[in-house]
Amino acid sequence: MNPLPFDAAQDLADAPHVGGAQRPKDAATLILTRDAKRPEVLMGRRAPGHVFMASKWVFPGGRIDRADFNAAADGALSPDAARRLGAEMPARRARALALTAVRETFEETGLILGRSAPSTSVAGPWREYRQAGALPDLSVLSYVARAITPPGRPRRFDARFFMAPVEALRDPDRIEGSGELDEIAWISLEEAQGLDLPAITRFVLSEVAERLETPERPLPFVRMVRGRHVIDHQD
């Protein structure tokens, strides 16, 4: 059984409670997997100086940017990912969120999920990625989970979790963190459960373990409603 996706006591320790209604902001996360002797995922530890989730181990990810709506790509979302995301939002926003996951992973780890392409100069947050000579390949992404941060937190996200195999990376051994994550490593699923994790990350880790065994399993959508955990599943 998966752990509960949110832990109020832990959340308040990681970030103080705030009053008023905080609207969740769209965000995306990428879970990279590789199958060595046992399944592993790429995770990073947030630097201790962060106000939010300091020293916690997380997957690469972050908020959507306006540039993600117009960024070029080589390879569209798979029919399954497009269908699942299409049940929640217009296709243009779904594509942008997938690109958010690719961009944030590059910014935080230096890893390029994409295909080789002529180096080009563009303005904005995609500049370094495109200068590296690559275009994102969205076809390798699976959409595996959605979670909305509970009310009352200083930062709230409507986060979509994507997953991709290590084979989708252009150079999986070239990890160059930006400093937002002070340690980045491939970690077995068993070892990852023993790390200092946000509750939602622990929940998604359990989901990843089950999805590697059963790829077609329904997608969980987790949130808090009137103080109660709600987990719906989308086929």
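The values are calculated or read from the model by the stated rules, or taken from the named source; none is laboratory data. Predicted model, so just to flag it, every value in this text is computed and none were measured. Heads up, the Cβs are rebuilt from the backbone with ideal geometry, glycines too, and the neighbour counts pull from every protein chain shown. Just the protein is used for accessible areas: all its heavy atoms, side chains included, with ligands, DNA and RNA removed. Shrake-Rupley method; radii C 1.70, N 1.55, O 1.52, S 1.80 Å.
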Exercise for the section: Please tell me if V204 is in contact (Cβ under 8 Å) with a residue 12 or more places away in the chain, more than 20 Å from K37 (Cα to Cα) and of a type in the set (A, V, I, L, M, F, W, C). Expected result: yes
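Report, by residue number, each residue of region 156-176 that is assigned to a loop (DSSP other than H, G, I, E, B) and surrounded by 18 or more Cβ atoms within 10 Å (Cβ to Cβ).
Residues of region 156-176 that are assigned to a loop (DSSP other than H, G, I, E, B), as a first pass: 156, 170-176.
The one that is assigned to a loop (DSSP other than H, G, I, E, B) and surrounded by 18 or more Cβ atoms within 10 Å (Cβ to Cβ): R156.
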Handout entry: Among (1) assigned to a loop (DSSP other than H, G, I, E, B); (2) under 25 Å from D65 (Cα atoms); (3) not basic (K, R) - the single one F221 does not satisfy
Key = (1)
Practice task
Name every residue in region 52-73 that is part of a loop (DSSP other than H, G, I, E, B) and either within 18 Å of L30 (Cα to Cα) or open to solvent by less than 60 Å² (accessible area, probe 1.4 Å) (or both), in order of residue number.
Solution key: F52, M53, A54, S55, K56, F59, P60, I64, D65, A71, A72, A73
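Within region 108-121, count every residue that is under 24 Å from the mean Cα position of the chain (by Cα) and under 12 Å from A132 (Cα atoms). Reasoning before the result, please.
We begin by selecting, within region 108-121, every residue under 24 Å from the mean Cα position of the chain (by Cα); these are 108-116.
If we keep only those that are under 12 Å from A132 (Cα atoms) as well, we get 110-116.
Of the residues in that region, 7 qualify.
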Completion exercise
Here the residues within region 190-211 that are open to solvent by 20 Å² or more (accessible area, probe 1.4 Å) and in contact with a Leu (Cβ under 8 Å, 6 or more places away or on another chain) are Q193, A209
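If you take the residues of region 77-113 that are farther than 21 Å from L32 by Cα and outside any loop (DSSP other than H, G, I, E, B), which of them is most open to solvent (accessible area, probe 1.4 Å)?
From region 77-113, those farther than 21 Å from L32 by Cα are 83, 86-93; that's our starting set.
This time we only want the ones that are outside any loop (DSSP other than H, G, I, E, B), so: 83, 86, 91-93.
Numbers: R83: 123, G86: 47, A91: 82, R92: 141, R93: 84 Å².
Ranking the qualifying residues of region 77-113, first place goes to R92.
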Fill in the blank from the handout: Only unsatisfied item for E183, checking (1) more than 27 Å from G75 (Cβ to Cβ); (2) in contact with a Gly (Cβ under 8 Å, 6 or more places away or on another chain); (3) buried (at least 17 other Cβ atoms within 10 Å of the Cβ), is (3)
Practice task
Tell me, please, whether a residue that is over 13 Å from D65 (Cβ atoms), open to solvent by less than 10 Å² (accessible area, probe 1.4 Å) and part of a strand (DSSP E or B) can be found in region 114-133.
Solution key: no
